[in-house]
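Single-structure report; data block below.
The values are calculated or read from the model by the stated rules, or taken from the named source; none is laboratory data. Because the structure is a prediction, the values reported are computed rather than measured. Using ideal geometry, Cβ is built from the backbone for each residue, glycine included, and neighbour counts are taken over all protein chains shown.
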Amino acid sequence: MMENIAYINNQPFQFYPGESMLSFIRRHKGQQSIPTLCDAPNLEPFGSCRVCCVDVALEQDGKTKAMASCHSPVTGNLYIYPDSPNIINLRKNILELVLSDLPEEKRFVPAEQPSEFDLVVRKSGLQEVRYETSGKNHFLPDTSHPYMRSDLNMCINCFRCIRACDEVQGQMVLNMAGRGYDSHIIKGMDVSFMESDCVSCGACSQTCPTDAITDIFQMSETVPEKVTRTVCTYCGVGCNLNVATKGEEIISITSPYDAEANLGHTCLKGRYAFKFYNHPDRLRSPMIKRNGHFEEVSWEEAYSFIVESLKKILAHDGPDAIAGISSARTPNEENYLMQKFMRAVIGTNNIDCCARVCHSPTALGMQRAFGTGAATNSIEDLAYTDCILVIGANPTVAHPVTGARIKQRMMKGVTGIVIDPRKIELAKFAKYHLQLRPGTNVALLNMMLYYIISEELEDRDFIGTRTEGYDEMKTEILKLDIDELERITGVDKNLVREASIAYATATAAMEFHGLGVTEQLQGTFTVQLIADLAMITGNIGKKGSGVNPLRGQNNVQGAADMGCQPHQGAGYLDVTDPEINESYNLFYGRVIPAHIGYKIPEMFDAAISGKLKALWLIGEDVVQTDPNTQKVMKALDSLDLLIVQELFMTETARHATVILPGTSFLEKEGTFTNGERRIQRVQKVVQPLEGTKTDGQIIVDIMNLMGYPQPDYTADGMLQEISQIVPFFAGVKWTELGNSGKQWPVAPDGTDTKLLHTEKFNRGLGKFTFIDFKESNEVEKHGKDYPYIITTNRELEHYNCGAMTRRTGNVEILTEDVLLINPDDAAREKIMDGDFVCVESPRGKVDIKARITDEMKPGILSSTFHFPEVMLNIITSDEHCSEAMCPEYKVVSCRIRKSKGKFKKMMKAQEKY
């Protein structure tokens, strides 16, 4: 169509409606066809530098006008001249003016690693500056941060760092101060990086076209030899990373702008916290504990010891005396092998992992309601929603890149509803914050359902055609005493009513939840009610809606998909179903047990009682992260054989019989599946450290030594096997995953699925369920003597037990766990900010530093368990979700007092670690 044609140097090309001239020209003439300084792929057009100017005419050879191509739209029959003599001279003049602001010694430096600005200057052919220096260069470099450095003498005032901080991260730390020649970037109230509210995401450094803000890693003269694309090892967002290396040394990490999961953005962990990979603390030899001390041994000796010990236990006690705990941090292929080893080689369903421990209520609750226990929508759907409900999750801390995208949408006017006991960061941007008492999610969601029904805001068409059980649920909901639920939750019923109406009347409402939902007595039931909420409003099967669990570790979704749970094999297939069991028998060539195995809490009980003799544990520090630490240690010490496969000497590894040194994500290949069901390639960046082996190869070696033939580990080969047994991996092929992977289910022809339940649910009709509120057993049993409730959370800088992040510069940014306490509670207990507090529960007590904050309601405390010197899980309980045995980390009864003489003890503990 002629109206969609414009001309570049008098040649006709088609343009897209609304397309900018810059995009139009680059699409047809190449990415390097027009230079830019203020433009960046992940930022809105700005038009401040004018280097991208082009000549534009309304007719061929007509009168031209110079226009900034980055924000000027293409229209029909325009004639665009990107490199006319006028434009070439204009660009040179602009660059001369910019260069006059820089120190003379920095203007034409033939660096081996030229900056983006250097390349633009070189391409222009400019070799001298006719203008006098502006005299602007008088800023002292900021070297306060462990990862980033700023030298504003190199700043060209392009605003890219400010816009990245605003538009990508939403932190708004950077700004422009001064006027004219004195214009300069400031951080916060003109303080250093470390004194500001910077969250160290690196968006400013990645986008800076000069060396005004740069990563310290990139300041060396080391020139990378290659860049490898892989996937981050931390949370379940699944950020893509470009890892630059020279030899076996990692130089830096950035993020590719074409990554669908993270769009060129990372948090500080993904971008900077990688130095653990070759840290001196890395385990580099197998070890066997003899006479209470670890001795380094060869791989052959370690293997021989393990195989002989396992065979002896099998012969004497049978297969159910052996168990395995796999890892939500290792790739799908390695998790698949671990469950295969336990089932096909040992002959037991005693296999579990963190994915089931903390996220099983989500899987079970969603399977009951929808038939599938995974996110219904894609993160990109945030662009299509007009209401975001976040319950029991703190995305800006625990899932920072997705959290930033949620925050951006709320900042731009999308209605936000936050249901959380804490005033998390998103609560500041949300229209509604329902600050409930921990453990009362079911009561609050019942209030929301009550108001939606009583206000007649149901989607009757959706309910009538897509669901079952609605009338029964409605009858029970309308019987509820709203005033009683208001008392139970501690949330004003009128505020709940307003939030409920906002959710129900949205064109598309998108829900996100996390461990604040699952890690409670009624975790599974809460997920079922979240599903009720989505179905009653028709927010399933369309863009911008759905139920979307946020996965805490990088491969939680994948570990569950691969069958690392005692009741379901690979592909979530029921191990007790005779037909399914027979298919496993045929596929594996062995008889697979048909009874459900031990879950992790049951493993610990069985170990203490003497029924469980051996445990093989990969990459989970259960002593530090599982509840009731003293009981966990007793269970591990009761075993005859504890095999720990790890990177470092963790608290759990100290209890091992045999330690096997595994490898990090940077030293292996496989796939991770992120929280939106996206299967992505993890590609080897460097070779495994000497003395270590990839986790997959270790499992294969033991399988073969136990008499089960298994080919050497390769990601491609394992994916081929997985695709034959896991239905929703049918079309997954290593060579076809591309840069951004595919979202399961993947059909045999390779077609993936971004949106679930568009026509029908996996179970046929969606299932409504009424669930009444039940008080936590912890509060019922101990609330009188232990009147406070402590709930666990995470901090941005650290990850899980901190084994990796504490061995990076992150420990300079956040140095310790602290106890969040309301000012009223602190005053009552005579506790000052920074005092050490003794927190005691029926299980034990810990000492931790107080941080007084109005984030917490009176009577509610919160802390993390990143640092082993505190060992917070000494006080957490054995209570768990009634349906899925997920530990109740979020409701722990306790009492507090100011510590007595603990300061020196704590300091010594910190020195130890």
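For Lys611, the conditions (1) in contact with a strand residue (DSSP E or B) (Cβ under 9 Å, 6 or more places away or on another chain); (2) over 23 Å from Ala715 (Cβ atoms) are fulfilled apart from (1). Under the condition of being among the hydrophobic types (A, V, I, L, M, F, W, C) and surrounded by 14 or more Cβ atoms within 10 Å (Cβ to Cβ), which residue from the stretch 110-142 is farthest from Thr207 (Cα to Cα)? Residue satisfying both the conditions and the ranking: Val129. When the stretch 710-724 is filtered for residues that are in a loop (DSSP other than H, G, I, E, B) and not aromatic (Phe, Trp, Tyr), the ones remaining, listed by number, are Gln710, Pro711, Asp712, Thr714.
Comparison of Lys849, Lys830 shows that the only residue that is at pLDDT 95 or above, surrounded by fewer than 22 Cβ atoms within 10 Å (Cβ to Cβ) and at positive phi is Lys830.
Residues in the stretch 291-317 that are under 15 Å from Leu639 (Cα atoms) and surrounded by fewer than 18 Cβ atoms within 10 Å (Cβ to Cβ): Gly292, Lys312, His316, Asp317.
Would the stretch 356-372 turn up any residue that is outside the structural domain of Leu521 (by TED's automatic domain parsing) and under 25 Å from Gln683 (Cα atoms)? No, because not a single residue in the stretch 356-372 is outside the structural domain of Leu521 (by TED's automatic domain parsing) and under 25 Å from Gln683 (Cα atoms). For the stretch 640-649, the condition of being assigned to a helix (DSSP H, G or I), in contact (Cβ under 8 Å) with a residue 12 or more places away in the chain and not polar (S, T, N, Q) holds for none of the residues. From (1) more than 30 Å from Leu756 (Cα to Cα); (2) within 20 Å of the chain's Cα centre (by Cα), pick out the condition that doesn't hold for Gly675. The number of the failed condition is (1). For the stretch 394-404, the count of residues that are surrounded by 24 or more Cβ atoms within 10 Å (Cβ to Cβ), over 16 Å from the mean Cα position of the chain (by Cα) and closer than 22 Å to Lys543 by Cβ is zero.
Restricting attention to the stretch 438-474, the residues being within 35 Å of the chain's Cα centre (by Cα), of a type outside the set (A, V, I, L, M, F, W, C) and within 23 Å of Thr489 (Cβ to Cβ) number 8.
Over 23 Å from Gly569 (Cβ atoms), in a loop (DSSP other than H, G, I, E, B) and in contact with a Phe, Trp or Tyr (Cβ under 6 Å, 6 or more places away or on another chain) - does that describe any residue in the stretch 272-286? Yes: one or more hits.
Only one of Gly464, Gly469 is in contact with a strand residue (DSSP E or B) (Cβ under 7 Å, 6 or more places away or on another chain), assigned by TED's automatic domain parsing to the domain that holds Met535 and under 22 Å from Arg368 (Cα atoms). Can you tell me which? Unique residue meeting the criteria: Gly469. Counting residues in the stretch 229-248 that are on the phi > 0 side of the Ramachandran plot and either exposed (fewer than 14 other Cβ atoms within 10 Å of the Cβ) or of a type in the set (S, T, N, Q) (or both) gives one or more.
Against the conditions (1) within 30 Å of Thr465 (Cα to Cα); (2) surrounded by 22 or more Cβ atoms within 10 Å (Cβ to Cβ), Tyr584 satisfies every one except (1). For the structure I just gave you, tell me whether Glu676 is part of a loop (DSSP other than H, G, I, E, B) and of a type in the set (Asp, Glu). Yes, satisfied. None of Pro627, Pro688 is at pLDDT below 95 and either assigned to a loop (DSSP other than H, G, I, E, B) or of a type in the set (Phe, Trp, Tyr) (or both) except Pro627.
Here's the yes/no breakdown for (1) without any contact (Cβ under 8 Å) to a residue 40 or more places away in the chain; (2) assigned by TED's automatic domain parsing to the domain that holds Asn332:
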site	(1), (2)
Asn674	no, yes
Gln683	no, yes
Gly717	yes, no
Phe728	no, no
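The residues listed here are Leu660, Leu612; of these, the one that is within 18 Å of Glu333 (Cβ to Cβ), crowded, with 23+ Cβ neighbours inside 10 Å, modelled with pLDDT of 95 or more and more than 23 Å from the chain's Cα centre (by Cα) is Leu660. Considering only residues in the stretch 377-417 that are touching a His at 6+ places or on another chain (Cβ under 6 Å) and of a type in the set (A, V, I, L, M, F, W, C), the one that is nearest to Gln171 (Cα to Cα) turns out to be Val401. Of all residues in the stretch 637-652, those satisfying the criterion of being closer than 17 Å to His293 by Cβ and surrounded by 22 or more Cβ atoms within 10 Å (Cβ to Cβ) are Leu642, Val644. State whether one or more residues within the stretch 566-574 are over 21 Å from Asn762 (Cα atoms) and more than 21 Å from the chain's Cα centre (by Cα). Scanning the stretch 566-574, I find at least one residue that is over 21 Å from Asn762 (Cα atoms) and more than 21 Å from the chain's Cα centre (by Cα), so the answer is yes.
Of Phe117, Phe139, Phe108, all but one fail to be over 30 Å from Asn10 (Cβ atoms), of a type outside the set (Lys, Arg) and touching a helix residue (DSSP H, G or I) at 6+ places or on another chain (Cβ under 6 Å); the exception is Phe139. Of all residues in the stretch 456-486, those that are surrounded by 13 or more Cβ atoms within 10 Å (Cβ to Cβ) and farther than 16 Å from Met535 by Cα total 5. For the stretch 174-211, residues that are among the aromatic types (Phe, Trp, Tyr) and under 19 Å from Asn810 (Cα atoms) total 1. Residues that are within 19 Å of the chain's Cα centre (by Cα) and closer than 24 Å to Val496 by Cβ do not occur anywhere in the stretch 363-373.
Scan the stretch 126-168 for residues that are β-branched (Val, Ile, Thr) and touching a His at 6+ places or on another chain (Cβ under 9 Å) and the total you get is 1. Of the residues examined, Ala531 is one that is in contact (Cβ under 8 Å) with a residue 24 or more places away in the chain and touching a strand residue (DSSP E or B) at 6+ places or on another chain (Cβ under 9 Å).
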